[in-house]
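Input: a single structure, listed below in structure tokens.
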Amino acid sequence: MSFLCFSVLPISASIVIVLALLFIRHRKNKMNFASYFLSRNTSEPSSNQDLEGGSNYFGVPVFSYSELEEATNSFDASKELGDGGFGTVYFGKLRDGREVAVKRLYEHNFKRMEQFMNEIQILTRLRHRNLVTLYGCTSRRCRELLLVYEYIPNGTVADHLHGDRAKDKYLTWQHRMNIAIETADALAYLHKSDIIHRDVKTNNILLDHNFCVKVADFGLSRLFPNDVSHISTAPQGTPGYVDPEYHQCYQLTDKSDVYSFGVVLIELISSMPAVDISRHRHEINLANLAINRIQRCAFDELIDPSLEYKSDTEVWRMTTSVAELAFRCLQLEKDMRPKMEEVVETLKEIKNCTDTSIDKTDETDEKAVESRRATVASPESEDIVLLKNGKCPSSPNSVADVWASSSSTTSASR
């Protein structure tokens, strides 16, 4: 018996050692994955060239750290344009005179390298007038991960709706309508290109001097194979915009972007932020508030009064129509939401449709306005009953919120 015990011990010890070696090797491979993935898609430059710029990754120029440090005045705090979940964005001016926005990722680790790579890979394969242009990046061997974009000077939609620029009241209804159409068009283009943005929000919609849209921030975006119905992945995104079905079932689809865009539409007509803890606890999420108001046809409690919809029947018609479209986008079940292409067409129809049933001389008449309001869909209509029959969970206040889930798994591929 003792002989048997002594024979088993060396075997057990060998197994433990082998497993430990395999674990160490796995960890090492994981840490080297990003560098390997990058290098296999590009020609290997010399060390000096890699550190000082002059090479290309995925067809975009590689900038040296020293050049971007110079462009941003050593990342001076006064040059800061914004601060997000993954990094800080600085204004800079390159040696060739181009004005740029430089995103400085917070950490240089595997996760950040993955996001860095993801954004480069996606943006270099896309060309659309309403998507931000990537000018280049730093090397994988650089001390910091930096992405260089075209500079968009007029801030974000969030800034203009409920941020520092809101007091200027520059966003007329015509501007907001165009922002909705251009953003939807950019998202429809992404979906046609088999890409899900996964972080659609007003902070990621930039505006130029003419208030034209540039959708930005593709760090969380995913390539979506056209032969699958969804991607199983742990929920990521911004509180208030996350698709409830994605959060609950861990299934990412293009309809997740549609839900987030529905929140953006509500922001455009209400000027309210997506999440506001000063609101009633059931209305902290703007989606919840909007669904409640639209079901009751209480548009007066939803639409921003500064849009002067009460004295302009066309603004009233368009804002209420956009609210109803947003309502469809915010449906709990993804199959009830429209495709992004349909959203684009609907928005264009809303903008281009002129009401000929009301004489132009009566447009400011209170009776004419009431007549237009009477045409808004009743909360008893078939479509609205879909959400009226039961309590509809909305996007969580935090992506870490615990929800009852019908999903049998809690882990998935990123």
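Nothing in this text is a laboratory measurement; each read-out follows from the coordinates by a stated rule. Model, not experiment: these values are computed from the prediction. Don't worry about glycine lacking a Cβ; one is built from the backbone with ideal geometry, like all the others, and counts go over all protein chains shown.
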Item to check | Qualifying trypsin sites (Lys or Arg not before Pro) for the range 63-167 [loop in DSSP, other Cβ within 10 Å: at most 13] | outcome: ARG95, ARG98, ARG125, ARG127, ARG129, ARG141, ARG143
Checklist outcome for this item: If each K or R counts +1 and each D or E counts -1, the residues other than SER221 whose Cβ falls under 10 Å of its Cβ total -2
Next on the checklist: Take the residue pairs LYS167/LYS201; LYS201/LYS351; LYS111/LYS334; LYS103/LYS214 and return only those whose Cα atoms are more than 18 Å apart.
Outcome noted: LYS167/LYS201; LYS201/LYS351; LYS111/LYS334
